[in-house]
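A.B. asks: Mind having a look at this structure? Questions to follow.
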Amino acid sequence: MTKLCSYHNSKETCLIWFRDDLRLRDNQALTEAVKEVRQTGKPLIALYLLDDKSEALRSLGSAQQYWLHHSLTKLKAHLLELNIPLFFQKGDTHQQLLKLCGDLNITEIFWNRRYSDGSIAVDSVVKSALSQNNITCNSYSGYLLHEPWQIKTGKGDPYKVYTPFWRNFSAQFSPTPPLSAPKALDKNQQSDLLKLNIGDKLKDWKWLPENPNWAKNWDRQWQPGEENAHKRLGVFLEGAIHHYKEGRDIPSQAYTSKMSPHLRFGEISPNQIWYSLAFHQDKIDPASYETYQKELVWREFAYHLQFHWPNLHQRNFNKKFDHFPWIENQGLLERWKKGRTGYPIVDAGMRQLWQEGWMHNRVRMVVASFLVKHLMIDWRHGERWFWDCLLDADPASNPVSWQWVAGCGADASPYFRIFNPYTQAQKFDPNAEYIKTYVSELQSTSANDILKPPKASQHDIQLDFKSKTTYSPPIVAHDAARKRALEALKTLPK
């Protein structure tokens, strides 16, 4: 850790520890920390700690690093307006917090709870160590609409099926009025801390890509930060929400909220979204209103599952799939990653992911199904690729959704339900607008030719494609791939 510039603090200090809650509004940990220092006259310091040492914590993906760099930059500026300095530190959470507390005479810490794999274990160890050193720890809820252990079946068990979980949740949950952002602290009270030069510079973490800069165009459509989260939500609630029920399945149209990256990093709380949605309820079609609520609760369900069945990004929820005969084929995996499968809607989705750090949800299901069923490649390879490439890669939703598609998760889509990429494209991209946006080789090809499934043998398909376009021919034939996947399913234990 950087030396403290001969800073000697005789005053007791409070610390607000930011994690997945990069906002000022509706942030109970920040609200309570500010309340405490107003009452006691203690100074307040803010910290973001990047733990790159604890094996229990999953390393950030590349796209997440990009978003965090910009989000933390904005948070630092907003906190300075409140006269609260935000410092960045990297290393083992336990060691770094204890050292910082000793150096700055920190006697009380405030944070919002987190629930991702490993984080609960890390936080428990940290809380115990801090308490043994007479440091008061205050933790609050703010990342979810409910604590993941609260909702149970009539028998007191965790839910494994989404629909009854949704019914139970919706019957008992109501949003609370979101907390306002705190007002600025007295500058004199904060003056010594504001002069400090400790910790790391965010730029030194090298989170922004350079050679190559694969995110060079992302700022045209993504603006991280709390203010931008609220702007995007406002635009959604004034427009696209009115078409959400049906429109959310049309990838060529902007009918989804795109709130997921903001929600992932806590730039806006799910409570704020739910509360704002309820405020607009009278103006929204009931079906679209409930459908969007259900999407928020699916995220809750994912964390509910992860809390009760940890390590879902590594382990099959359904243990029968431990015996599934996955195929290891690095060449086909790379073709899938690069959007070179010869299936237009699959390739469009994978190229959108690379170009934008995001993919339309309907297409996410199609490309995931293609990987695990057409190519029979282990879903964990796809989950890891999404984890690295998605701006909204969520520790719970990402693995739970992958397992849902793969048929091995809780309340999963059955493995024998195999998406036909051509049928999906015909239904949800009938004019091939989405496909042509991302697959440049097909921009001058008619929608009819793009969407028409080939019926010839694999050899004839390749010849046919080469005669019409530079676009890659299909790497597997749909009917043969479907048959192979179903035969593999029969090998699982009953």
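The values are calculated or read from the model by the stated rules, or taken from the named source; none is laboratory data. Not measured: the values here are computed from a predicted model. Glycine also receives a Cβ, built like all others from the backbone with ideal geometry; neighbour counts cover every protein chain displayed. Side chains are part of the model used for accessible areas, which takes the heavy atoms of the whole protein and leaves out ligands, DNA and RNA. Shrake-Rupley method; radii C 1.70, N 1.55, O 1.52, S 1.80 Å.
A.B. asks: Identify the single condition in (1) assigned to a helix (DSSP H, G or I); (2) over 18 Å from Arg167 (Cα atoms); (3) touching a residue at least 40 places away in the same chain (Cβ under 8 Å) that Glu246 does not satisfy, given that it satisfies every other one.
C.D. replies: Of (1) assigned to a helix (DSSP H, G or I); (2) over 18 Å from Arg167 (Cα atoms); (3) touching a residue at least 40 places away in the same chain (Cβ under 8 Å), only one is false for Glu246: (3).
A.B. asks: Would you check which residues across segment 388-398 are of a type outside the set (D, E, K, R), within 17 Å of Met365 (Cβ to Cβ) and within 10 Å of the chain's Cα centre (by Cα) and list them?
C.D. replies: Within segment 388-398, Leu390, Ala393, Ser397, Asn398 qualify.
A.B. asks: Okay, next question. Among the residues that make up segment 385-398, is at least one of them under 16 Å from Ala485 (Cα atoms) and touching a Phe, Trp or Tyr at 6+ places or on another chain (Cβ under 7 Å)? Let's see the steps before the verdict.
C.D. replies: Here is the first cut: in segment 385-398, the residues under 16 Å from Ala485 (Cα atoms) are none.
No; the residues of segment 385-398 include none that is under 16 Å from Ala485 (Cα atoms) and touching a Phe, Trp or Tyr at 6+ places or on another chain (Cβ under 7 Å).
A.B. asks: For Trp166, indicate whether it is at pLDDT 90 or above, open to solvent by less than 40 Å² (accessible area, probe 1.4 Å) and assigned to a helix (DSSP H, G or I).
C.D. replies: Spelling it out, Trp166 is indeed at pLDDT 90 or above, open to solvent by less than 40 Å² (accessible area, probe 1.4 Å) and assigned to a helix (DSSP H, G or I).
A.B. asks: Next up: Step by step: first the residues of segment 272-330, then only those that are hydrophobic (A, V, I, L, M, F, W, C) and not in a helix (DSSP H, G or I), then the one that is farthest from Val372 (Cα to Cα). Which residue is that? Steps first, please.
C.D. replies: Step one: of segment 272-330, the residues hydrophobic (A, V, I, L, M, F, W, C) are 273-274, 277-279, 284, 287, 296-298, 301-302, 305, 307, 309, 312, 317, 321, 324, 326-327.
Those still in the list that are not in a helix (DSSP H, G or I) too: 284, 309, 312, 317, 324, 326-327.
Details: Ile284: 37, Trp309: 22, Leu312: 16, Phe317: 16, Phe324: 11, Trp326: 8, Ile327: 9 Å.
Here the residue is Ile284.
A.B. asks: Considering only segment 408-433, how many residues are over 30 Å from Tyr162 (Cα atoms) and either outside any loop (DSSP other than H, G, I, E, B) or in contact (Cβ under 8 Å) with a residue 40 or more places away in the chain (or both)?
C.D. replies: Total meeting the criteria: 3.
A.B. asks: Can you name the number of the only condition in (1) modelled with pLDDT under 95; (2) touching a Lys or Arg at 6+ places or on another chain (Cβ under 8 Å); (3) in a helix (DSSP H, G or I) that Ile198 fails?
C.D. replies: For Ile198, the exception is condition (3).
A.B. asks: Let me confirm something: among Pro224, Pro209, which residue is under 20 Å from Leu22 (Cβ atoms) and surrounded by 14 or more Cβ atoms within 10 Å (Cβ to Cβ)?
C.D. replies: Just a single option satisfies the conditions, and that option is Pro224.
A.B. asks: Please indicate, with yes or no, whether at least one residue in segment 218-230 is assigned to a loop (DSSP other than H, G, I, E, B), closer than 30 Å to Pro43 by Cβ and out of contact with any helix residue (DSSP H, G or I) (no Cβ under 8 Å at 6 or more places or on another chain). Talk me through it step by step, then tell me what you get.
C.D. replies: Keep residues of segment 218-230 that are assigned to a loop (DSSP other than H, G, I, E, B), which gives 221-225.
Applying the additional criterion that residues be closer than 30 Å to Pro43 by Cβ yields 224-225.
When the remaining residues are screened for being out of contact with any helix residue (DSSP H, G or I) (no Cβ under 8 Å at 6 or more places or on another chain), the result is none.
No, there is no match, as no residue in segment 218-230 is assigned to a loop (DSSP other than H, G, I, E, B), closer than 30 Å to Pro43 by Cβ and out of contact with any helix residue (DSSP H, G or I) (no Cβ under 8 Å at 6 or more places or on another chain).
A.B. asks: Kindly indicate whether any position in segment 13-36 is more than 19 Å from Asp394 (Cα to Cα), among the basic types (Lys, Arg), open to solvent by 50 Å² or more (accessible area, probe 1.4 Å) and at pLDDT 95 or above.
C.D. replies: Yes - at least one qualifying residue is present in segment 13-36.
A.B. asks: What are the residues in segment 298-331 that are surrounded by fewer than 19 Cβ atoms within 10 Å (Cβ to Cβ) and hydrophobic (A, V, I, L, M, F, W, C), if any?
C.D. replies: The answer is Trp298, Phe307, Trp309, Trp326, Ile327.
A.B. asks: Out of everything in segment 279-297 that is open to solvent by 40 Å² or more (accessible area, probe 1.4 Å) and over 19 Å from the mean Cα position of the chain (by Cα), what residue ends up being nearest to Trp166 (Cα to Cα)?
C.D. replies: Kept after step one, since they are open to solvent by 40 Å² or more (accessible area, probe 1.4 Å), are these residues of segment 279-297: 279, 281-283, 285-287, 290, 294-295.
Going one step further and asking which of them are over 19 Å from the mean Cα position of the chain (by Cα), we end up with 279, 281-283, 285-287, 290.
Working: Phe279: 21, Gln281: 19, Asp282: 22, Lys283: 23, Asp285: 19, Pro286: 16, Ala287: 15, Glu290: 11 Å.
Only one residue fits best here, namely Glu290.
A.B. asks: Identify the residue in segment 49-71 that is of a type in the set (Gly, Ala, Ser) and open to solvent by 20 Å² or more (accessible area, probe 1.4 Å) and, among all such residues, is nearest to Leu312 (Cα to Cα).
C.D. replies: Within segment 49-71, the first condition is being of a type in the set (Gly, Ala, Ser), and the residues that meet it are 54, 56, 59, 61-63, 71.
If we keep only those that are open to solvent by 20 Å² or more (accessible area, probe 1.4 Å) too, we end up with 54, 56, 59, 62.
Working: Ser54: 18, Ala56: 13, Ser59: 15, Ser62: 21 Å.
The residue in question is Ala56.
A.B. asks: I've got another one for you. What's the total number of residues in segment 249-271 that are part of a loop (DSSP other than H, G, I, E, B) and either at negative phi or in contact with a strand residue (DSSP E or B) (Cβ under 6 Å, 6 or more places away or on another chain) (or both)?
C.D. replies: 14
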